[in-house]
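First the structure, in the form of structure tokens, and then the observations on it.
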Amino acid sequence: MKSFSYWEREIYFDKIDVIIIGSGIVGLNAALNLKQREPKLKIVVLERGLFPDGASNRNAGFACFGSPSELLEDLKTHTEDEVFNLVDKRWEGLLKLRENLGDKNIGYEPLGGYELFNPNDEALYEDCYYQLGYLNKQLSPIIGAFTTFKNVDNKIKKFGFNHTNHLIENVAEGQINTGKMMQTLVNKVMKLGVIILNNFSVITFNDDGNSVEVQSDDEINISAKKLLIATDGYAKQLLPELNVNPARAQVLITKPIENLKIKGSYHFDKGYYYFRNVGNRLLFGGGRNLNFKEEETFEMGLTDRIQDQLDLLLKETILPNILYEVDMRWSGIMGVGDKKTTLLRSLSENVFCAVRSGGMGVAIGSLTGIDAATMVLQSI
């Protein structure tokens, strides 16, 4: 067991009011809101990685709230109120993210979004096209635009896509720089006095009714009055009873491409594939639906099956007849379940969780963090 000096214990470990496990979007927004409302609270955020080690620092940077096919697919398993209340939260969360951190600080660009449909998607496209009026009517009071989704088949040639029969535009979608967002959020909470301890992997916790003790894999024990678990994709490691599972997302990015025509955020195959420009680079990810079980893992990594499919689609559909070179490949771990609603729960008088962002952490993380802070404050 590692020993600490008096100074280290006094500053970092003694008299902690709230421990937050996970320094991603949700955890840091919870810490931010707690400090803004109760500045005297001593808050310590514990992070297993050198950086946020799930999806917050590894996502594609989509400021999105759902493509037409995604929303219609959700309506098969959720009520209408559930689906559009969730869209409302995503939209409000994006507005809150921009308000809290500033568009410049997160690299926000309102470049719009698009959903592609290939020749095998004709039935899916017809369903989406038939329902555009309905979707726009539902979204109008949320987004504030009379027409959010519209057909733009005429832009297919402009972008240079192959094997693409139809294109639906989302005028309200945008993109962010994930790295800038997380750096700004970290700086903001630390400026308020929040302590962040990296490389601290919590393996268990114990609530004795008066306080909660957490233990790291280095056998370091820390106690606090309250504990908030905001580990999203890794939540099941600490809370195996919850309906939240890890979902690995694999991503690649090209080196800069001269005169790249693709600007904005793009989705296809019901959102299981997605790509965007990052300056003059092309970021492309997805393919989890090729093998859901294999991608239900806590392990970062890449698989030949998915990477080969990403390479094929990139070459034949997205960037046909264009010279490019893949620069980097990586993966992230999301938290998903049989419902897309966030799990925001009080597990005892002292232990709380805010997990299962469902791949929409950028959109919903700010609000989830605020809701989690409110839940904790009500118990203090």
Label-point separation in nm, Glu99 to Thr79, each point 7 Å along Cα→Cβ: 2.7
Can you run the Rg to Rh ratio on segment 75-131? Use alpha carbon positions and the Kirkwood inverse-distance Rh. 1.12
Measuring from label point to label point, each 7 Å out along Cα→Cβ, what is the Phe4 to Lys255 span in nm? 4.6
Tell me the mean residue ellipticity at 222 nm calculated for the chain from its helices only (DSSP H runs of n ≥ 4, each -39500 (n - 2.57), averaged over every residue, nearest 500). -9500 deg cm²/dmol
Given the protein chains as shown and a 1.4 Å probe, how many square angstrom of Arg48 are accessible, to the nearest 10? 80
FRET efficiency for Thr341 and Val171, using Cβ-Cβ distance with R0 set to 25 Å, rounded to 0.05: 0.45
Modelling each spin label as a point 7 Å along the Cα-to-Cβ direction, I'd like the Lys293/Asn154 distance in nm, to one decimal. 4.9
Segment 1-130: radius of gyration and largest Cα-Cα distance (Dmax), Å: 20.9, 68
Using alpha-carbon positions, what is the distance between the centroids of segment 105-157 and segment 310-363, in Å? 20
Taking 0.36 nm per intervening residue step and subtracting the Cα-Cα distance, what contour gain separates Glu219 from Glu126 on full extension? 27.7 nm
Assigned charges on the beta-carbon of Lys, Arg, Asp, Glu; segment 234-380 dipole about Cα centre (debye): 360
Thr147 to Asn199: extension gain in nm, 0.36 nm per residue of separation minus the Cα-Cα distance? 14.1 nm
I need the chymotrypsin sites (Phe, Trp or Tyr not before Pro) found in segment 289-380, filtered to DSSP loop residues with at most 14 other beta carbons within 10 Å of theirs. Phe292, Phe298
Rounded to a whole number, what % of the accessible area of the chain do carbon and sulfur atoms account for, probe 1.4 Å? 48
I'd like the accessible area for Ser211, computed on protein heavy atoms only with a 1.4 Å probe and all protein chains in place. Round to 10 Å², please. 40
With viscosity set to 1.306 mPa s at 10 °C, what whole-number translational diffusion coefficient in µm²/s follows for the chain from Stokes-Einstein and a Kirkwood radius over Cα pairs? 74
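Could you list the chymotrypsin sites (Phe, Trp or Tyr not before Pro) in segment 115-210 that lie in coil according to DSSP, counting only those with at most 15 other Cβ atoms within 10 Å of their Cβ?
Listed in order of number, the matching sites are Phe146.
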DSSP bridge orientation in the chain - percent antiparallel, rounded to nearest 5: 70
Could you tell me the center-to-center distance, by alpha carbons, between segment 200-252 and segment 12-75 in angstrom? 13
Regarding segment 153-228, what is the average projected area of its C-alpha convex hull, in nm²? 10.4
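The values are calculated or read from the model by the stated rules, or taken from the named source; none is laboratory data. Here the structure is a predicted model, which is why all the values come from computation and not from measurement. All Cβ positions, glycine included, derive from the backbone under ideal geometry; neighbour counts span all protein chains shown. For the accessible areas, the whole protein counts, side chains as well, though only heavy atoms, and no ligand, DNA or RNA atoms are used. Shrake-Rupley method; radii C 1.70, N 1.55, O 1.52, S 1.80 Å.
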